[in-house]
Amino acid sequence: MRRSCSVSLVVLALTLAGRGVPAAEPADDKTAAATRIPVILDTDIGGDIDDTWALAFLLKSPEFDVKLVVSDSGDTVYRARIIARMLEVAHRTDIPVGVGIRQSTDGGPQASWVADYDLARYPGKVCQDGVAAIVETIMAAPRPVTLICIGAMPNIKAALQRNPEIAQRARFVGMHGSVRLGYGGKPTPDPEANVVNDVAAARAVFTASWPMTITPLDTCGLVRLTGENYRKVAASSDPLARAVIENYRIWRRAADPKAKEPATASTVIFDTVAIHLARSGEWLRMEELPIVISADGFTRIDSRGKRVACAMAWTDQAQFERFLVERLTGGR
Ligand SMILES: [Ca+2]
């Protein structure tokens, strides 16, 4: 057990009674883990709904060996409860949950989904110091960990301060920035939320020595599931797909109590593209660009900047959206 983590009392009691142990990978999965991509997800789940879609997509992608999921920004305890309940739904309580730096106690629009959920009941590890868990997981891994970040990044700034060596032992994949297109495909860039909400953190991340790959709004800002794609997910009996749709319904109602039910399309699911990029650049046109974060939160092409692999356009967005639906609705 890592220093910063704890296992719930329920699991300890079960283990001591000889009736059970925390979920462990079967032998076949352990073998397969050697070829899977070790990943940490750092997420502000519980704000915009796209993180919930992204977490489900991650858990449904057999290429990944998920080492840790950490809540970041705002009320990280509320966010960690959503992560923990999602992992329970997915029967993936072998994955530790990290609680990131808590900046508020305000909860958020998915609060009713976790109203009765106490983190102490999570059967796996809960790392109260999520930043320490990030550092320890990266430093303990025998090969480079892929750190997938899909929110503002106060945790990552703190992790880099605690141990700058993590930048030599991880690669970074993120949903960040707006290079040529802004929100909604607008032909001029915007200060993108995950950058502008913590510019200092973004600057720390975008000047660290790790290799970086991002999906800016230029690509992730265009992805929505509509029509038959959305209907397939909404009609799926898969427990994770059902949890996504249930959260989406709660989230929509929190935003607009008069929202027409049921929804017929997703909102823009930005963060799912970062999950995809952590395994493949398929269906995307990648460009290596020097990127500088401006004080007002823009990601500008500037020859002084760090060279970042940027997903700048889709070569086949429809194929990605079909793939996402297959993953979300299919078995693992
Ligand atoms: Ca997010």
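The values are calculated or read from the model by the stated rules, or taken from the named source; none is laboratory data. Quick caveat, the model's predicted, so the values are computed rather than measured. Note that we place each Cβ from the backbone using ideal geometry, even for glycine, and neighbour counts take in every protein chain shown.
Residues that are under 20 Å from A115 (Cα atoms), among the hydrophobic types (A, V, I, L, M, F, W, C) and either without any contact (Cβ under 8 Å) to a residue 40 or more places away in the chain or away from the ligand (no atom under 13 Å from the Cβ) (or both) within the stretch 57-81 comprise V77, A80, listed in sequence order. For the stretch 197-213, check the following and say yes or no: at least one residue is in contact (Cβ under 8 Å) with a residue 12 or more places away in the chain, within 16 Å of the ligand (Cβ to nearest atom) and touching a strand residue (DSSP E or B) at 6+ places or on another chain (Cβ under 9 Å). So far as the stretch 197-213 goes, yes, one or more of its residues are in contact (Cβ under 8 Å) with a residue 12 or more places away in the chain, within 16 Å of the ligand (Cβ to nearest atom) and touching a strand residue (DSSP E or B) at 6+ places or on another chain (Cβ under 9 Å). Taking the criterion of being more than 16 Å from the ligand (Cβ to nearest atom) and not polar (S, T, N, Q), the residues of the stretch 139-157 that qualify are M139, A140, A141, P142, R143, P144, V145, K157.
For the stretch 80-99, name all the residues that are more than 20 Å from K157 (Cβ to Cβ), in a helix (DSSP H, G or I) and not acidic (D, E). Passing the criteria: R81, I82, I83, A84, R85, M86, L87, V89. When the residues of the stretch 62-79 are filtered to those that are touching a strand residue (DSSP E or B) at 6+ places or on another chain (Cβ under 6 Å) and in a loop (DSSP other than H, G, I, E, B), which remaining residue is farthest from N197 (Cα to Cα)? Only one residue tops the list, namely E63. Residues in the stretch 184-219 that are among the β-branched types (V, I, T) and either assigned to a helix (DSSP H, G or I) or touching a helix residue (DSSP H, G or I) at 6+ places or on another chain (Cβ under 7 Å) (or both): V195, V196, V199, V205, T213, T215, T219. Out of L217, L225, L240, one residue alone is within 18 Å of the chain's Cα centre (by Cα), more than 26 Å from M139 (Cα to Cα), more than 15 Å from the ligand (Cβ to nearest atom) and among the aliphatic types (A, V, I, L, M). It is L240.
Identify all residues within the stretch 94-117 that are of a type in the set (D, E) and either in contact with a Pro (Cβ under 8 Å, 6 or more places away or on another chain) or in contact (Cβ under 8 Å) with a residue 12 or more places away in the chain (or both); write none if there are none. Result: D94, D106. A54 meets all of the listed conditions (1) away from the ligand (no atom under 16 Å from the Cβ); (2) crowded, with 24+ Cβ neighbours inside 10 Å; (3) of a type in the set (A, V, I, L, M, F, W, C) but one, namely (1).
Could you run through the stretch 36-57 and say how many residues are assigned to a loop (DSSP other than H, G, I, E, B), over 8 Å from the mean Cα position of the chain (by Cα) and charged (D, E, K, R)? So the answer is 2. For first residues located in the stretch 34-49 and within 10 Å of F64 (Cα to Cα) and more than 10 Å from the ligand (Cβ to nearest atom), partners that are part of a loop (DSSP other than H, G, I, E, B) and not basic (K, R) and lie 6+ apart or on another chain with Cβ distances below 7 Å form the pairs R36/E63; I37/E63; I37/A278; P38/A141; V39/A278.
At least 1 residues being at pLDDT below 95 is the threshold, and among the strands (runs of 3 or more DSSP E) wholly inside the stretch 220-332 not one reaches it. Restricting G305, G297 to residues that are of a type in the set (G, A, S), farther than 30 Å from L59 by Cα and either in contact with a helix residue (DSSP H, G or I) (Cβ under 6 Å, 6 or more places away or on another chain) or within 16 Å of the ligand (Cβ to nearest atom) (or both) narrows the list to G297.
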